[in-house]
Structure formats: structure tokens, C-alpha cells
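Engineer: Quick one: this structure, given as C-alpha cells, is what I'll be asking you about.
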Amino acid sequence: MNDAIVVLNCGSSSIKFALFDGSQSPLPRTPLWGGKVEGIGTDRAALTLSGAPAEPVSLDAAQPYHAALVHIRQRAEQALGDRRLAAVAHRVVHGGAKYFAPVRVDATVLADLRSYIPLAPLHQPFALEAIEALLVALPDVPQVACFDTAFHHTLPQVESLLALPYAAWERGLRRYGFHGLSYEYMSMALPERHGDVARGRTIVAHLGSGASLCAMHGLASVATTMGFSALDGLMMGTRCGALDPGAVLYMMETEHLSPAEVGHVLYHESGLLGVSGVSSDPRDLLRLEGNDPRARAALALYVRRIVREIGALVAVLGGLDLLVFTAGIGEHNAALRERVVHAFGFLGAQLDDAANEANALTISTPASRIRVAVEPTNEEWVAARHAARCLGRP
């Protein structure tokens, strides 16, 4: 059949979308069409289609997110042409303790997923808004939820437990891990690129506006830096990463912050933005660090947190065979990769400077005892593939 699968990746102020040719088997990794709407909820909302220049879009100020979804649906219908829309796949950040595999969403599943909103307040509500809108608008088209937590279902209990009263574990309070669609793609792409090296002791650094690390052995997740929520682990663009809980209690007590207020600080006012006071984008801070001590401090802390957590995962793995950088910063920021890899010279990591500057797929020298790689991620294809399988296709 001349079918197509649409993938939606919904954030708080942006929606990425892609359309895949569902009539082919295996599913092609490159979409037929796609793009993103950014700046939702601001007066700078813009649509970018398949690498074309961004164009301003006017969204209803009362319901900008819903308006963006309607706009995408209209454009998608044009892009479909004579193809039939077979399914819509959604990246859903949190599957809780119940969902470890993609699932077709109905009213019961949607209610379950709503109960996980407090676990991922930056992402969960927006994915569910898109699912709910399309269940109404396209009732005969399957909506498939693909969970960022699912890939980490292989974590051993020692990596999932929190040092809280055991009753918390029984209530589902545990370390889940995130960025699972990206890491799942790595588990397929890395052995194709690097053979058996990828099946050994591998650490993948997913560095974007959100950031985490995943230690893999045998292509399965055995440890990761994000835990119960997407606040844990590495320092991020606006999120704090791992933090002494006593600091949060202190802020609440001395500054009289409500839970909502302290949540806003930790999710939106911390990380690179909070330390630098200037920007959440490391490219901006790299331009400023020569003359701005706070920009310099923010970058130094950002790199130190990555290095420290990689070191911890090396210990868990008992060594390191392959270090991989992915996502927006990981794939494109040679300066930060150089700073991270330089810290592991004591383990025999050697960077090929020219390859690193070119964002090559392998950026270590032949003499390096650790292979260092850059691998573009493809979360949308993973979600589309899951949707195809939910339809009973290979």
C-alpha cells in the first residue's frame, strides 16, 4: 500500500515532525518530508521545512500549541499527496513503571500517561496534547506512543534503585533514564559503523539542550545519567543536572519558594543559562569566554560534569572501547568534544584534530586506545519504525 507514517516530537515551545514512506520494507531512514515549528507561544513562531529557510507563522495567541498542530497537519496533508496516512508516532518522554514498549494509544493509555506528567513536566503534557487532538481529528488513524524511558528497561536494579525508603521503589519512584529513542538508534547504527567494537564497552553522550550519557554493553543500556526525572545527571542548557537535594531544601526555606517556583528555577533558570547569565547555547558562550568570566565558568562546569560522569561510567563498565557523541551539540561542537576527549588522555584517548573539526564519523587517531566517534541520531526514524511494527509490518 502507498502508506505514510508521520512522527511528532513535541517539546514545550517546538514541534519537530517527519513523514516516512511506510510502503517500503525495511522503512527508509531518511524521511520523505519534515521540519519543525519553533517559538510556539512567542511572537517569533517560525516554520522550517526540510532545510528551507524559516518562515514566520501566525498562531492563535489563546491556543498557540493547538494552532501549531493544526498548521502542521495542514502541511502534512499537502505533503501526503496520494499517500494514505497509516499511523502517527509520538515521542513520549515518560512511560512510567508500566510501559516498556511502544503502544497504540486509547483512552485508558492516555489516562495513564497523563498521570506521569509530574515526572516530565517539560515534555509529557505537549506530547499528550498532540495525541489527544489527533485522536479527535483522525479517529481511524492509529496513534502510537514511543517512550524515551523504554530503552533503559535493561538497567539492573542496582542502577534503578534510589536510596530512599523501599516503599518508594514499590510506588514507582526509581531511576528510569531518558533519551531512549536516541540510544536505541545508536544500538543499531553503531555496530553497522564500528562492528564488534560497538558491542563492547560503549558510552554515548547525547548532548543537546537536554543532555545525558548512556553506558552500553552488548548494545544494551547498563547505566545512564538521567534518573527519576529529566533534571538529573549532566548540566544542561537551562536544567541543573545532578544537585545536592539539600540545596533545594535550602532555597525553599530561605527564599520561601513554592514547589512550582523551585521547579521553574531548576528546569528553566539553571544550567548554562543560570551560571553564565547570558545564554543556554554553548556556541554563544564559546564566543564570549575570553572576556566573560561567567561564560568561562559555565563552560568549565559543563565540561567537568560530562568528564566526571563519563569517568563514573567507565568504572561501571570496567573500561572503555568506544566513546560516541550525538545530538545537536555532540554532533556539531568540535571545541567541546576536544575538551572532553582531552581529559581522557590518561586512558589513551587521542583526538584527530582535523577529523574533529570536520565533524567526521571517527575523530580519534589510529593509535588511540579508545575509538572516539560522532554519530548523527535519528529518533524520528526509530519512532516511525515502532509505529510500523505496531501495524504488524516488519
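The values are calculated or read from the model by the stated rules, or taken from the named source; none is laboratory data. Everything numeric in this text was worked out from a predicted model, so none of it was measured. Cβ atoms come from the backbone with ideal geometry, glycine included; neighbour counts cover every protein chain shown. SASA here: full protein model, heavy atoms, side chains in, ligands and nucleic acids out. Shrake-Rupley method; radii C 1.70, N 1.55, O 1.52, S 1.80 Å.
Engineer: Name the pairs: first residue in region 80-99 and free of Cβ contacts under 8 Å to residues at least 12 places away in the same chain and at positive phi, second residue open to solvent by 10 Å² or more (accessible area, probe 1.4 Å) and in a strand (DSSP E or B), Cβ to Cβ under 6 Å, at least 6 apart or on different chains?
Structural biologist: Within 6 Å, no pair qualifies.
Engineer: Go through region 19-63 residue by residue and tally those that are among the charged types (D, E, K, R) and open to solvent by less than 30 Å² (accessible area, probe 1.4 Å).
Structural biologist: Residues that pass the stated criteria total 1.
Engineer: Collect the residues in region 360-376 that are in contact with a His (Cβ under 7 Å, 6 or more places away or on another chain) and open to solvent by 10 Å² or more (accessible area, probe 1.4 Å), keeping them in residue-number order.
Structural biologist: Scanning region 360-376 gives a single hit, 371.
Engineer: May I ask you to list the residues in region 240-264 that are of a type in the set (A, V, I, L, M) and more than 18 Å from residue 305 (Cβ to Cβ)?
Structural biologist: 249, 251, 252, 257, 260, 262
Engineer: What about residue 331, is it buried (at least 21 other Cβ atoms within 10 Å of the Cβ), among the acidic types (Asp, Glu) and within 24 Å of residue 182 (Cα to Cα)?
Structural biologist: no
Engineer: Say whether the condition of being open to solvent by 20 Å² or more (accessible area, probe 1.4 Å) and farther than 30 Å from residue 316 by Cα is met by at least one residue in region 146-161.
Structural biologist: no
Engineer: For region 293-326, what are the residues that are open to solvent by 10 Å² or more (accessible area, probe 1.4 Å) and in contact with a His (Cβ under 7 Å, 6 or more places away or on another chain)?
Structural biologist: Correct list: 317 only.
Engineer: Search region 36-51 for residues that are over 21 Å from residue 6 (Cα atoms) and pair each with any residue that is open to solvent by 80 Å² or more (accessible area, probe 1.4 Å) and in a loop (DSSP other than H, G, I, E, B) when their beta-carbon atoms are under 8 Å apart and the residues are at least 6 apart or on different chains.
Structural biologist: 45/58
Engineer: Taking strands (runs of 3 or more DSSP E) that fall entirely within region 141-260, which contain at least 2 residues that are in contact with a Gly (Cβ under 6 Å, 6 or more places away or on another chain)?
Structural biologist: So the answer is 201-207.
Engineer: OK, next. Would you confirm, using the coordinates I've provided, whether residue 132 is modelled with pLDDT of 90 or more, under 25 Å from the mean Cα position of the chain (by Cα) and more than 23 Å from residue 221 (Cα to Cα)?
Structural biologist: yes
Engineer: Among the candidates 164, 138, which residue alone is more than 25 Å from residue 314 (Cβ to Cβ), open to solvent by 40 Å² or more (accessible area, probe 1.4 Å) and among the aliphatic types (A, V, I, L, M)?
Structural biologist: None of the other options fit; the residue is 164.
Engineer: Related question: Regarding residue 104, is this residue touching a residue at least 40 places away in the same chain (Cβ under 8 Å), exposed (fewer than 14 other Cβ atoms within 10 Å of the Cβ), among the basic types (Lys, Arg) and over 21 Å from residue 227 (Cα atoms)?
Structural biologist: Answer is yes for this residue.
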